[in-house]
1. So, Gly132, is that one on the phi > 0 side of the Ramachandran plot and modelled with pLDDT under 95 or not?
2. Answer with yes or no whether Ser98 is buried (at least 16 other Cβ atoms within 10 Å of the Cβ), within 13 Å of the ligand (Cβ to nearest atom) and not aliphatic (A, V, I, L, M).
3. Please count how many residues of the range 32-61 are of a type in the set (A, V, I, L, M, F, W, C) and more than 30 Å from Ala77 (Cα to Cα).
4. Look at the range 330-342 and say how many of its residues are assigned to a helix (DSSP H, G or I) and either of a type in the set (A, V, I, L, M) or surrounded by 17 or more Cβ atoms within 10 Å (Cβ to Cβ) (or both).
5. Looking at the range 105-123, I want the residues that are closer than 21 Å to Pro44 by Cα and have a partner that is more than 13 Å from the ligand (Cβ to nearest atom) and of a type in the set (S, T, N, Q) with Cβ atoms under 6 Å, at least 6 apart or on another chain. Which pairs are those?
6. Name the residue, out of Leu168, Leu172, Leu164, that is within 16 Å of the ligand (Cβ to nearest atom) and either assigned by TED's automatic domain parsing to the domain that holds Asn59 or modelled with pLDDT under 95 (or both).
7. List every residue pair whose Cβ atoms lie under 6 Å apart, where the two residues are 6 or more positions apart in sequence or sit on different chains, the first residue falls within the range 36-50 and is more than 28 Å from Asp80 (Cβ to Cβ), and the second residue, located anywhere, is surrounded by 10 or more Cβ atoms within 10 Å (Cβ to Cβ).
Amino acid sequence: MISVNRPNIAAAKAALDKRSSRDRLTERQRVTNHFTTGIPVKKPTYSAYKKAEVKKALNDLFNHKCAYCESEYESVAPMDVEHFRPKGAYMLPSGKRSTIGYYWLASEWTNLLPSCIDCNRERKQFRRQLDGQLVKSKSGKANKFPLLDEAKRAKSPNGEKNELPLLLDPCLDKPAMYLEFLDDGGVRPKNGTLEKKLGKGENSIAVYGLDRDGLFRERRKIMKLLFSQMNHICSFALNVREVPGSARMQADFTRATNELSNYTTKDSSYLAMAKPMIRVFKKTLKNTTVYLDIKDRLLADPNNAAIEVELLAQFKKLKAATSIDKPAKNLVTQMIVWMRLRE
Ligand SMILES: [Zn+2]
């Protein structure tokens, strides 16, 4: 999940607030009348959120990807227009469904998100735990909308402003503060202050099913491609060092490095995983280059104890990034091999 800035999109808002030719009311007014004034509506129906203008605006905003898991859904299934706050009913802490939901937000632009079927609809899925074990259990958001304080649950329009939801909204939260993607395709709650306080990452992984095995395997495929590209870049970096002044080798290195941007285009899947991995790669490449520069100086001056100490310190710095808690520890370990570094 990545952070997405949500502007007002006039075409979508116009479609959501269009007045019916029959009673001159918007869907929101009709439904609100039903629940607050007793003006009868046989059974409130919700359809404004499904209009083509709304779907187009959501597709444009999220680049045709699920707001929660960043998968491209259109190759296999239509988009679900998801209500962040459920329109019809929500799950109570007791496990029962409420009698009414956030009806006043059913056609509210800021409450709508594009979702794949598996993040939105509840069903049993194989889910991959961090130890690699697969466990079959339910995931999918459906009517879930947990709050930090159930007593502050909104019962009528504008009441939602007092709520503190325990699920991540990509348009309001910074998901990177709560979620951490690993270099094998896994995901875990971030070890940080905000996550410890609210647990939004842990809840979002469980409710949206960000740990479901199919999703894990798709993310791992991208990581394998990234690893392969990074391996090429490391080889080219070594070539540039071995044959200084070779324009062709420098060009190979520059081209391969530029190709990393293919994984970070707006419409690429799993940016929340790929972008930090590429950042770690670039930083580690810089650190390994520093290490190799020190090594060259030592080769030219083999009895210089100060350079030897410097070399050891730089190697320790690189190894520190392979400690158990680093999300990119496999990547850094692999880079030490690709760059042929020895202590
Ligand atoms: Zn999804």
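The values are calculated or read from the model by the stated rules, or taken from the named source; none is laboratory data. Only a predicted model underlies this, so the values are computations on that prediction, with no experimental measurement involved. As a convention, Cβ positions derive from the backbone with ideal geometry for all residues, glycine included, and neighbour counts pool all protein chains shown.
1. Values: on the phi > 0 side of the Ramachandran plot: yes; modelled with pLDDT under 95: yes.
In short, yes.
2. So Ser98 fails the test.
3. Qualifying residue count for the region: 3.
4. Looking only at that region, the number is 7.
5. If the second residue must be more than 13 Å from the ligand (Cβ to nearest atom) and of a type in the set (S, T, N, Q), the pairs left are Leu105/Asn111.
6. When all the criteria are applied, what remains is Leu168.
7. Close Cβ pairs satisfying both conditions: Ile39/Asn33.
Residue-wise test of (1) away from the ligand (no atom under 16 Å from the Cβ); (2) within 15 Å of Cys119 (Cα to Cα); (3) in the same structural domain as Arg30 (by TED's automatic domain parsing).
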site	(1), (2), (3)
Lys51	yes, no, yes
Lys55	no, no, yes
Cys66	no, yes, yes
Pro78	no, yes, yes
Ala89	yes, no, yes
Ser94	yes, no, yes
